[in-house]
Structure formats: C-alpha cells, structure tokens
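**Student:** Supplied in structure tokens, the structure appears directly below.
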Amino acid sequence: MELEASEVEAEKFKSKKTNITDSWMKKHSSIYKEATRHPFILSIRDGTIDSPSFKKWLGQDYIYVRAFVPFVASVLVKACNELDDSSDTDIILGGLASLNDEITWFKEEASKWEVSLTSVVPQRANLMYCSFLKSLMRSEIEYTVAVTAFWAIETVYQDSFSHCLEDGSKIPEELRETCQRWGNNGFGQYCHFLQNIVDRCLEKASIDIIAKAERVFITVLEHEVEFWNMSKGEI
Ligand SMILES: Cc1ncc(CN)c(N)n1
C-alpha cells in the first residue's frame, strides 16, 4: 500500500506520540500567521484601526457567531456519543454556554457603535465560512474532525486578540474589552483544554482521519484570513 506524504507523517506521529496539533501549527506556520497576525488585528494592536472596519467586523461576526452556536452544539452531540472522558463534554458544554454571553455582548457593543444588527447583510466570505461550518455538522463527520475545527476556530481568535494585549500595544481604549473577550487568560486556558482534547482524539485516530482533520485545520485558517479581509472597508 502506497502512503501519501501526509499519511506517512501521520504514521510517524502516531508511533512517536508527538503532539500533532503543535506540529501542524509549525508545518502550516505561514497560513497560521496570516490568520493570527492579519493587518486587521495589527491595526487594532497599533491603534490605527478605523471605525468603519471595526463596525463591519462587529456586524459580520455577530452573524457568524449565530451560525457558530449550532456548530458547537453539533460538536457537543458528537462528544456525548463518544464513550470517552466526560470532562471533554463539560469543556465543550462550557464553551457553548459562554456563547450566550457572547451574543449579548455583540448586541450591547453594536448598540454602542450604532450598528444595526438586523440590517447587516452577510458578506460572501462570511456565507462561505458559515456553510463550511454547516458541512461539518453532518452526522458522518467524525468527532475528531469536528472538534479539530472547533479548537482551530477558537485558537485563531485567542492568539489574535491576546497579541493585541501584549506589551507595547497601543489599542484604543474603546477596543480593550473586545481584545479582553478573546485575549484573556481564561480563554487561553480553555483553548489549551480544547487542544488537549484534539490531541487525545488524534492519537487514537486512523491515518485517514488525521489527514482529514489536518485539511480541516488548514481550511479553518483560510476562512479566518478571508473573514478578516472582509472586515476592511465600508459597512
Ligand atoms: C470568524 C470568527 N472566528 C472565531 C471566532 C471565535 N469564536 C469568532 N467569533 N468569529
């Protein structure tokens, strides 16, 4: 049987028990960096962000988060169907529950910035990303693959916004709360818990599933880049 390069690599990791997610972040560091150090994020960090861009991101992300809720619920259902550690389900349930606060936060923030959430028209990049999420909700998508996407999605925001809070940043005061929402230590710890879940799943997975999860990881990063790109410009 001929193995593809990615499969050989997956096999290598399986025998060495290396942390696969860290190796992916290194292997795909270029697109990972594009997703987590995007000009939109850097403009928040250095204080040069313009309010139309921020408002556009806010409105589009509200729509995205509404689509993210059923996706996370589907990951939770998949986790419950695994005969595994129940603490995994508690972590995912915690994430799902926190989306309720997140939606409230978006509504309050939108009202502060005078963004009418009911009149936001989802842009193409957002629709594409939401339809990708929907495709991952199908029952035939394995838990390992779906939870990989979940971890990657949360990690991009955590890594991006925590970068805005690091020493030397000049974030505008009115954006500090936004950065804290995803850049705080608690959210960082939650992403680490998700990463541990993913690595444990990958250690038990077949090479096919590992390769599938890696492709999903890359696809998430590509969608995240497109999402930030979309935020540039007028509402
Ligand atoms: C596009 C996007 N990616 C990630 C997240 C973090 N849940 C978000 N709110 N929006």
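**Student:** Please grab the % of Cα pairs in the range 144-224 that end up more than 23 Å from each other.
**Tutor:** Of all Cα-Cα pairs in the range 144-224, 30 percent lie more than 23 Å apart.
**Student:** If you place +1 on the Cβ of every Lys and Arg and -1 on the Cβ of every Asp and Glu, how big does the dipole about the Cα centre of the chain come out, in debye to the nearest 20?
**Tutor:** For this selection, approximately 280 debye.
**Student:** Return the whole-Å distance between the Cα centroid of the range 138-198 and the Cα centroid of the range 70-108.
**Tutor:** Centre-to-centre distance over Cα atoms comes out at 14 Å.
**Student:** If the chain between T48 and A97 were fully stretched, how many nm would it gain, using 0.36 nm times the residue separation less the Cα-Cα distance?
**Tutor:** Value of the extension gain: 14.3 nm.
**Student:** Hey, in the chain, which Cys have no second cysteine's beta-carbon closer than 4.7 Å?
**Tutor:** If one checks each Cβ against the other cysteines of the chain, C80, C130, C191, C201 turn up with nothing under 4.7 Å.
**Student:** Using 7 Å Cα-to-Cβ label points, what is the N196/V77 separation (nm, one decimal)?
**Tutor:** With each label placed 7 Å out from Cα toward Cβ, I get 2.8 nm.
**Student:** At a 1.4 Å probe, what is the % contribution of carbon and sulfur to the accessible area of the chain? Each step should come with its number before you reach the end.
**Tutor:** On the way: 6020 of 11440 Å².
The nonpolar share, carbon plus sulfur, comes to 53 percent.
**Student:** Let me ask something additional. Multiply the residue separation of K27 and S87 by 0.36 nm, subtract the distance between their alpha-carbon atoms, and state the gained length in nm to one decimal.
**Tutor:** 18.6 nm
**Student:** When the helix-only estimate is applied to the chain (DSSP H runs of n ≥ 4, each -39,500 (n - 2.57), divided by the residue count), what is the mean residue ellipticity at 222 nm, nearest 500 deg cm²/dmol?
**Tutor:** Calculated at 222 nm, the ellipticity per residue is -25500 deg cm²/dmol.
**Student:** Work through the residues other than L42 whose Cβ is under 14 Å from its Cβ and net out their charges, Lys, Arg +1 and Asp, Glu -1.
**Tutor:** 0
**Student:** State which entries of K56/K170; K33/K204; K26/K78; K27/K232; K56/K212 exceed 24 angstrom in Cα-Cα distance in the structure shown.
**Tutor:** Over 24 Å Cα-Cα: K33/K204; K26/K78; K27/K232; K56/K212.
**Student:** Further, regarding this structure: Write down the accessible area per residue of the range 3-222 in Å², having rolled a 1.4 Å probe over the full set of protein chains.
**Tutor:** 47 Å²
**Student:** Can you tell me what the convex hull of the Cα atoms of the chain projects to on average, as an area in nm²?
**Tutor:** Approximately 13.1 nm², given one-decimal rounding.
The values are calculated or read from the model by the stated rules, or taken from the named source; none is laboratory data. Because the structure is a prediction, the values reported are computed rather than measured. Every residue, glycine among them, receives a Cβ derived from its backbone with ideal geometry; neighbour counts consider all protein chains shown. Just the protein is used for accessible areas: all its heavy atoms, side chains included, with ligands, DNA and RNA removed. Shrake-Rupley method; radii C 1.70, N 1.55, O 1.52, S 1.80 Å.
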